[in-house]
Each structure stands twice: as C-alpha cells, then as structure tokens.
Amino acid sequence: QVQLVESGGGLVQAGGSLRLSCAASGRMFSRYAMAWFRQAPGKEREFVAAITWSSGSTYYADSVKGRFTISRDNVKNTVYLQMNSLKPEDTAVYYCAAVLRDYDISAYNWTPGGMDYWGKGTLVTVSS
C-alpha cells in the first residue's frame, strides 16, 4: 500500500507564497496519479490539483489556475504544491491523495470518494 505524509503548512499573509510537500512511500508509484484536496472550516473537501507520476501531466481546479503549481520529484517520491498569490479563501487543511490511474486525468471525476490513499493533512492559514 501507499503511505502519504504532508508537510509545509503554516501561516502566511495574503499575496504570499507557500510550498506544500507530500512524501510517498510504497510500491508501484508510476501507476498512480497524485492529487491535492483541501477542506475549509464548515465546507466540503474539494479538489485542488493532480499530477501523474509517469508523464507529469497536470490538472487544476479553476479556483487555483494561474496561482498554484503541482509538481513531482520521482527520485524523492515527493509531490509538491507551490501556492502563490494566496488569498484568505485558500485557508484550509490541505490533503495529499493517491489514486490508481495514470491516464486522462483531466477527464477524471476528482471527488474525495474516488481516492485510494490519503495523508492526514497540513493546515494553511492565509491572513488578510
């Protein structure tokens, strides 16, 4: 199985930047897509971004396009989420997830229930 551990959360002012990391351990990473979700207080968990291990193809939620960048380091088995131009609305617990899918990630239905593995989350707080 796959184990995911997030890090890099913290407090940042609006307009600032933060980079989250998701360290993955387990077997057969190349067949997985990795994703970031977030959950704000009182709201449902929502999709943020996804990337495939194999090709590095990416897909983003409309709310973060142009501001967030997902990437991966295949040597370190780590996925990153670079967050720029942060807004107070970005405040949430950010979760790393993995799903056994390495194709057509832009057409995939990115819902929390479809993920195979989850990290425990890291809190991002953006002050105004």
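The values are calculated or read from the model by the stated rules, or taken from the named source; none is laboratory data. Predicted model, so just to flag it, every value in this text is computed and none were measured. Neighbour counts run over all protein chains shown; Cβ positions are idealised from the backbone, glycine included. Side chains included, ligands, DNA and RNA excluded: accessible areas come from the protein's heavy atoms. Shrake-Rupley method; radii C 1.70, N 1.55, O 1.52, S 1.80 Å.
How many of the residues making up region 27-44 are open to solvent by 50 Å² or more (accessible area, probe 1.4 Å) and either among the polar types (S, T, N, Q) or touching a Ser or Thr at 6+ places or on another chain (Cβ under 9 Å) (or both)? First the steps, then the outcome.
Going through region 27-44, the residues open to solvent by 50 Å² or more (accessible area, probe 1.4 Å) turn out to be 27-28, 30-31, 39, 41-44.
Okay, now just the ones that are also either among the polar types (S, T, N, Q) or touching a Ser or Thr at 6+ places or on another chain (Cβ under 9 Å) (or both), so 30-31, 39, 41.
So the count comes out to 4.
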Original post:
Within region 8-26, is there a residue that is under 16 Å from Lys120 (Cα atoms) and open to solvent by less than 10 Å² (accessible area, probe 1.4 Å)?
Top reply: yes
Original post:
Among the residues of region 1-52 satisfying the criterion of being β-branched (Val, Ile, Thr) and at pLDDT below 95, which is farthest from the chain's Cα centre (by Cα)?
Top reply: Val2
**OP:** Output the strands (runs of 3 or more DSSP E) that fall wholly within region 57-128 and possess 2 or more residues being touching a strand residue (DSSP E or B) at 6+ places or on another chain (Cβ under 8 Å) and closer than 19 Å to Gly9 by Cβ, or say none.
**Re:** 68-73, 78-83, 92-99, 122-127
